[in-house]
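Here is the structure we will look at.
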Amino acid sequence: MIFSLEGKSALVTGAGRGIGRAIALGLAQAGANVAITYSRSEAAAKEVQDAIVAMGRQALIYQADAVDAKRADEVVNDIVAQWGGLDILVNNAGITQDTLLMRMSEQQWDDVINTNLKSVFNYSKSAVRPMMKQRKGSIIQIGSIVGVAGSAGQTNYAASKAGIIGFSKSLAKELGSRNVRVNVVAPGYITSDMTDKLPEATLNGILAQVPMGRAGTTDEVAASVQFLASDASSYITGVVLHVDGGMVM
């Protein structure tokens, strides 16, 4: 175990699959009890829950639309009631609806901004009060290097992820004196079910931009979250950690 989270309680939004699933399992492997939210697939969420319980940790699952502020309060309040506090929040829930701006509908803009950015507002706001009360906590947002460097065809997604960075740096300044840290993990090109379907020529074009010459894994993103959630990063706040093989350089 690299970073111990023994006795900590964590919440990961959108953790039924992909990066969120890997983060939830990584936090449990490091010793945390983990709650997760999911939007659609209860079966996938229960698989994550079962995997966490098999590690000897406690696990809670909640169906929740990340855009629903009232539901965010309900989820956080229930976790605090059951586990006595909340030490780690990972805002991972997110979607893409890619197209060039000239073709982008207002609905595509609103859906991505609300799911990716408003959800961060909702859950961060809900978690702030218990974390301030216990005078400790780590809030970790899952951003993207697209929010740093931009990407054609992703103006909505890039705006949402750039907004997360500004939000997080501001919140880090608000909460620093209470020993609550706020950081962003910005993944680059990470292998997933979606990327596995890309044509070989497209994949090679992306990898040509990565100095390390390969895609990252969800476990590598999860390891960076473990670090930022743990006391090993106790003097780190307001940071954007690129997990991208050097792609954004």
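What's the number of the only condition in (1) of a type outside the set (K, R); (2) closer than 22 Å to R21 by Cβ; (3) over 17 Å from the mean Cα position of the chain (by Cα); (4) part of a helix (DSSP H, G or I) that G56 fails to meet?
G56 satisfies all of (1) of a type outside the set (K, R); (2) closer than 22 Å to R21 by Cβ; (3) over 17 Å from the mean Cα position of the chain (by Cα); (4) part of a helix (DSSP H, G or I) except (4).
What pairs can you find where one residue is in segment 197-211 and closer than 17 Å to I145 by Cβ, the other is in a helix (DSSP H, G or I), and their Cβ atoms are less than 7 Å apart, with a gap of 6+ or different chains?
none
Go through (1) surrounded by 15 or more Cβ atoms within 10 Å (Cβ to Cβ); (2) touching a helix residue (DSSP H, G or I) at 6+ places or on another chain (Cβ under 7 Å) for Q63 and report which single condition fails.
Of everything listed in (1) surrounded by 15 or more Cβ atoms within 10 Å (Cβ to Cβ); (2) touching a helix residue (DSSP H, G or I) at 6+ places or on another chain (Cβ under 7 Å), Q63 misses just condition (1).
Take the residues in segment 190-249 that are at pLDDT below 95 and among the small types (G, A, S); name whichever of them is farthest from the chain's Cα centre (by Cα).
A201
Of all residues being β-branched (V, I, T) and farther than 29 Å from R178 by Cα in segment 88-112, which is surrounded by the most Cβ atoms within 10 Å (Cβ to Cβ)? Just the residue, please.
V112
Kindly list, by first and then second residue, each pair from a residue in segment 84-113 that is under 21 Å from A22 (Cβ atoms) and touching a residue at least 12 places away in the same chain (Cβ under 8 Å) to a residue that is of a type in the set (S, T, Y) and surrounded by fewer than 18 Cβ atoms within 10 Å (Cβ to Cβ), limited to pairs with Cβ atoms under 8 Å and residues at least 6 apart or on different chains.
Going by the 8 Å Cβ cut-off, the qualifying pairs are A93/S39.
Here are G213, G163, G205: which of them is loosely packed, with under 15 Cβ neighbours inside 10 Å, farther than 28 Å from Q29 by Cα and touching a helix residue (DSSP H, G or I) at 6+ places or on another chain (Cβ under 7 Å)?
The unique qualifying residue is G213.
The values are calculated or read from the model by the stated rules, or taken from the named source; none is laboratory data. Predicted, not measured: the structure shown is a model, and the values here were computed from it. Backbone-built Cβ (ideal geometry, glycine too); neighbour counts: all protein chains shown.
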